[in-house]
Amino acid sequence: MKNLKTILVFALPLAVGLFLAASCVSTKVAMKSGAQLWGENCVRCHNTPSPAAYNDTDWETIGLHMRIRANLTAEETRKIVEFLQSAN
Amino acid sequence: MKVRIIVVLALLSCYTVAWAQEETTQGYKPSSTQFMIRGYAHAGFEYQAVDGDARSTFLGSSFVPIFIFKPSDRLLFEAELGFFYNSRNEVEVSFEYADVSYIVNDYIILRMGKFMLPFGTFTERLHPAWINRLSNAPLGFGHGGIAPAAGTGVEVRGAIPVGSAKLLYYVYAVNGPRLNTGVDEPEEAGQLMFENLIDNNNNKAFGGRLGLLPFSNSSLELGASVYGGTVGDRNDSLYSNVGALLYAFDLSYVRQLSAVRGILDIKAQYNINNVDQATYFEEELDGSFTPYTFNNSSNASFAQLSYRPTMAGNDIVKNFELVGRYSNFQAPEGAEWEQQSTQWSFGINYWLSWRTVFKVNYQSTVQQGGHGVPAGETVTTNGLFVHWAMGF
């Protein structure tokens with residue numbers, strides 16, 4: 001029973017996740033825009049932030065903070081920050 | 001003297017105005033040194049009925065500022081404090097973390113200090129009230145749980161693109177957890193205490209996490225974590241060799257799907273704690289001590305599903321979010337803190353902005369054993385939580 005619970009806790013979300021992910025179109029990160037990366041990465045933990053929430057300088061600081069906290073790649077961080085700075 | 005001070009202040013004011021006008025004329029030029037205060041706050045109302053015995057209370061605000069100091073593009077200092085009211089109506093200040101990070105290159109980040117441990121993802125990424133979709137942490141997580149929160153030491157982390165996929169790695173050495181031997185708190189003998197700012201032995205604890213995001217849209221992340229070391233005090237011959245090995249497995253899937261016209265968010269984590277078997281002592285009524293031991297293995301897990309109709313045509317509807325969570329906690333059989341608990345939580349959230357949420361949650365917890373529950377009895381606690389949380 002204990003093992004069954006363990007399997008259920010992981011197997012069900014995994015199966016659903018893989019099924020849904022299998023339908024996604026794969027595009028390399030290098031070809032993506034900052035707006036697309038902003039929409040895909042921020043939402044992994046919290047809602048996508050409004051570009052207007054901070055000024056250009058603040059986005060630099062927040063970008064570095066989030067690169068470390070969320071372990072974003074250098075390229076993802078650069079593109080996302082550039083998008084937020086251009087759209088605020 | 002007063003006249004001199006007034007003259008100096010007046011001259012300073014003139015200079016400041018002139019400087020400000022010059023800045024306005026020439027455009028704002030930011031300095032390379034940046035400082036920000038971010039963080040979050042939350043408050044609310046809670047109603048709980050423990051086997052029919054109801055109680056309710058408003059909860060005082062919690063204020064959790066995060067100080068971020070960026071002296072260059074490669075250096076970042078961050079520190080988080082927490083201000084809370086405890087059950088004795090006192091303001092409690094917690095020191096969550098304070099660490100310096102240095103960007104070595106595109107793939108390596110070096111951190112030192114007290115930092116959130118990447119043991120699974122709940123503690124490091126999901127616990128802040130404005131990010132957590134429910135009003136509290138799953139069973140076994142958060143303060144007093146079996147999941148480690150922070151550690152003091154050094155860490156290397158980074159993200160490596162691998163084709164369309166992405167690999168996240170984390171490796172760290174910290175002071176590690178400390179074993180509660182039950183001398184001061186007999187009912188907690190055998191538990192791990194994770195706040196260990198000064199090491200109680202010379203053996204550092206090592207840990208790490210690997211996270212794989214197999215798809216280029218970063219929608220799915222699968223992670224595995226391990227953390228272990230000696231937990232006994234070096235001066236305590238009875239426990240100096242006691243060690244612990246902790247594992248965690250986590251899953252995250254977040255994707256906006258046109259088929260359901262919104263964002264589907266699935267999170268799950270399973271923690272296993274194994275502590276070497278040791279002998280503890282229970283004080284009897286006559287003052288004598290009876291030795292006892294137990295298989296010190298515990299686990300905690302949760303699975304959460306939330307859905308927000310972000311693609312709905314109505315602006316009000318798209319701000320609603322539905323969430324459900326199952327969590328489970330198993331403490332060792334034979335320990336003073338033995339318990340088996342399961343919990344179901346359901347909630348409706350309304351997002352006032354991207355970082356401000358109003359939550360209404362219902363929660364039912366069934367607990368066998370543990371604090372305040374007589375041996376062999378089962379207690380059911382039903383609760384209603386109305387909270388707001390804001391990130392800033």
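The values are calculated or read from the model by the stated rules, or taken from the named source; none is laboratory data. It should be emphasised that the depicted structure is a prediction, and the values quoted were computed from it without experimental measurement. Backbone-built Cβ (ideal geometry, glycine too); neighbour counts: all protein chains shown. Just so you know, the surface numbers come from the protein's heavy atoms only, side chains and all, with ligands and any DNA or RNA stripped out. Shrake-Rupley method; radii C 1.70, N 1.55, O 1.52, S 1.80 Å.
Which members of the stretch B:319-332 meet the condition of being touching a residue at least 24 places away in the same chain (Cβ under 8 Å) and surrounded by fewer than 18 Cβ atoms within 10 Å (Cβ to Cβ)?
Step one: list which residues in the stretch B:319-332 are touching a residue at least 24 places away in the same chain (Cβ under 8 Å), which gives B:319-323, B:325-332.
Of everything in the stretch B:319-332, those that are touching a residue at least 24 places away in the same chain (Cβ under 8 Å) and surrounded by fewer than 18 Cβ atoms within 10 Å (Cβ to Cβ) turn out to be B:320, B:322.
Can you pull out the residues in the stretch A:36-81 that are more than 7 Å from every other protein chain (Cβ to nearest Cβ), surrounded by fewer than 18 Cβ atoms within 10 Å (Cβ to Cβ) and farther than 19 Å from residue B:166 by Cα?
Of everything in the stretch A:36-81, those that are more than 7 Å from every other protein chain (Cβ to nearest Cβ), surrounded by fewer than 18 Cβ atoms within 10 Å (Cβ to Cβ) and farther than 19 Å from residue B:166 by Cα turn out to be A:51, A:52, A:53, A:55, A:56.
Right, residue B:337: under 27 Å from residue B:123 (Cβ atoms), in a loop (DSSP other than H, G, I, E, B) and touching a His at 6+ places or on another chain (Cβ under 9 Å) or not?
Considered against the rule, which asks whether it is under 27 Å from residue B:123 (Cβ atoms), in a loop (DSSP other than H, G, I, E, B) and touching a His at 6+ places or on another chain (Cβ under 9 Å), residue B:337 comes out as yes.
With B:77, B:84, B:58 as the choices, which residue is touching a residue at least 12 places away in the same chain (Cβ under 8 Å), of a type outside the set (Gly, Ala, Ser) and over 30 Å from residue B:368 (Cα atoms)? Explain how you work it out, then say what you get.
Values: B:84 fails: over 30 Å from residue B:368 (Cα atoms); B:58 fails: over 30 Å from residue B:368 (Cα atoms).
Step by step, each of B:77, B:84, B:58 is checked, and only B:77 is touching a residue at least 12 places away in the same chain (Cβ under 8 Å), of a type outside the set (Gly, Ala, Ser) and over 30 Å from residue B:368 (Cα atoms).
Given the conditions (1) closer than 28 Å to residue B:96 by Cβ; (2) at pLDDT below 95; (3) among the β-branched types (Val, Ile, Thr), report the number of the one that residue B:260 does not fulfil.
Residue B:260 satisfies every listed condition except (1).
Hey, any hits in the stretch B:172-180 for a residue that's surrounded by fewer than 21 Cβ atoms within 10 Å (Cβ to Cβ) and touching a helix residue (DSSP H, G or I) at 6+ places or on another chain (Cβ under 7 Å)?
yes
Please go through the stretch A:25-35 and pick out each residue that is within 7 Å of chain B (Cβ to nearest Cβ) and either part of a loop (DSSP other than H, G, I, E, B) or out of contact with any Pro (no Cβ under 8 Å at 6 or more places or on another chain) (or both). Step through it out loud before you land on a result.
Within the stretch A:25-35, the first condition is being within 7 Å of chain B (Cβ to nearest Cβ), and the residues that meet it are A:26-29.
The answer is A:26, A:27, A:28.
Quick test for you: out of B:217, B:196, B:201, B:180, pick the one residue that is more than 23 Å from residue B:142 (Cα to Cα), of a type outside the set (Ser, Thr, Tyr) and more than 12 Å from chain A (Cβ to nearest Cβ). Walk me through how you get there before you give the answer.
Numbers: B:217 fails: more than 12 Å from chain A (Cβ to nearest Cβ); B:196 fails: more than 23 Å from residue B:142 (Cα to Cα); B:180 fails: more than 23 Å from residue B:142 (Cα to Cα).
Every option except B:201 fails the conditions.
Restricting to the stretch B:224-249, name every residue that is open to solvent by less than 10 Å² (accessible area, probe 1.4 Å) and farther than 30 Å from residue B:281 by Cβ.
Once the filter is applied, which keeps residues that are open to solvent by less than 10 Å² (accessible area, probe 1.4 Å) and farther than 30 Å from residue B:281 by Cβ, the stretch B:224-249 yields B:225, B:248.
Please verify whether residue B:349 is of a type in the set (S, T, N, Q), assigned to a strand (DSSP E or B) and within 30 Å of residue B:67 (Cα to Cα), treating the condition exactly as stated. Outline the logic, then answer.
Values: of a type in the set (S, T, N, Q): yes; assigned to a strand (DSSP E or B): yes; within 30 Å of residue B:67 (Cα to Cα): yes.
It is true that residue B:349 is of a type in the set (S, T, N, Q), assigned to a strand (DSSP E or B) and within 30 Å of residue B:67 (Cα to Cα).
Report yes if some residue within the stretch B:110-132 is touching a residue at least 60 places away in the same chain (Cβ under 8 Å), over 30 Å from residue B:240 (Cβ atoms) and open to solvent by 20 Å² or more (accessible area, probe 1.4 Å); otherwise report no.
yes
If residue B:226 passes every condition in (1) within 28 Å of residue B:173 (Cβ to Cβ); (2) at pLDDT below 95 but one, which one does it miss?
(2)
Hey, among B:269, B:277, which residue is under 29 Å from the mean Cα position of the chain (by Cα) and either open to solvent by less than 60 Å² (accessible area, probe 1.4 Å) or among the hydrophobic types (A, V, I, L, M, F, W, C) (or both)? Explain how you work it out, then say what you get.
Values: B:277 fails: either open to solvent by less than 60 Å² (accessible area, probe 1.4 Å) or among the hydrophobic types (A, V, I, L, M, F, W, C) (or both).
Answer to the selection: B:269.
Only residues that are among the acidic types (Asp, Glu) and within 13 Å of residue B:245 (Cβ to Cβ): list them for the stretch B:270-302, please.
Start the filter on the stretch B:270-302 by keeping residues that are among the acidic types (Asp, Glu), which leaves B:276, B:282-284, B:286.
The one that is among the acidic types (Asp, Glu) and within 13 Å of residue B:245 (Cβ to Cβ): B:276.
Go through the stretch B:66-105 and give me each residue that's aliphatic (A, V, I, L, M), farther than 13 Å from residue B:34 by Cβ and surrounded by 14 or more Cβ atoms within 10 Å (Cβ to Cβ). Give the steps one after another, and end with the answer.
Within the stretch B:66-105, the first condition is being aliphatic (A, V, I, L, M), and the residues that meet it are B:66, B:68, B:75-76, B:79, B:81, B:91, B:93, B:98, B:100, B:103-104.
In the following step, the residues that additionally are farther than 13 Å from residue B:34 by Cβ were identified as B:66, B:79, B:81, B:91, B:93, B:98, B:100, B:103-104.
B:66, B:79, B:81, B:98, B:100, B:103 - these are the residues of the stretch B:66-105 that are aliphatic (A, V, I, L, M), farther than 13 Å from residue B:34 by Cβ and surrounded by 14 or more Cβ atoms within 10 Å (Cβ to Cβ).
Test residue B:372 against the criterion of being more than 14 Å from chain A (Cβ to nearest Cβ), open to solvent by 60 Å² or more (accessible area, probe 1.4 Å) and over 15 Å from residue B:136 (Cβ atoms), and give yes or no.
Values: more than 14 Å from chain A (Cβ to nearest Cβ): yes; open to solvent by 60 Å² or more (accessible area, probe 1.4 Å): yes; over 15 Å from residue B:136 (Cβ atoms): yes.
Taking the combined requirement at face value, the residue satisfies it.
With open to solvent by 10 Å² or more (accessible area, probe 1.4 Å), in contact with a helix residue (DSSP H, G or I) (Cβ under 6 Å, 6 or more places away or on another chain) and either at pLDDT 95 or above or of a type in the set (D, E, K, R) (or both) as the only criterion, which of B:303, B:312 stands out? Lay out the reasoning, then the answer.
Working: B:312 fails: either at pLDDT 95 or above or of a type in the set (D, E, K, R) (or both).
On inspection, the qualifying residue turns out to be B:303.
Residue B:257 passes all but one of (1) in contact (Cβ under 8 Å) with a residue 12 or more places away in the chain; (2) aliphatic (A, V, I, L, M); (3) within 14 Å of chain A (Cβ to nearest Cβ); which number fails?
(1)
Among the residues in the stretch B:149-165, are any without any contact (Cβ under 8 Å) to a residue 40 or more places away in the chain, aliphatic (A, V, I, L, M), crowded, with 20+ Cβ neighbours inside 10 Å and farther than 25 Å from residue B:277 by Cα?
Of the residues in the stretch B:149-165, the ones without any contact (Cβ under 8 Å) to a residue 40 or more places away in the chain are B:161-163.
So of that shortlist, the ones also aliphatic (A, V, I, L, M) come out as B:162.
Going one step further and asking which of them are crowded, with 20+ Cβ neighbours inside 10 Å, we end up with none.
No, every residue in the stretch B:149-165 fails to be without any contact (Cβ under 8 Å) to a residue 40 or more places away in the chain, aliphatic (A, V, I, L, M), crowded, with 20+ Cβ neighbours inside 10 Å and farther than 25 Å from residue B:277 by Cα.
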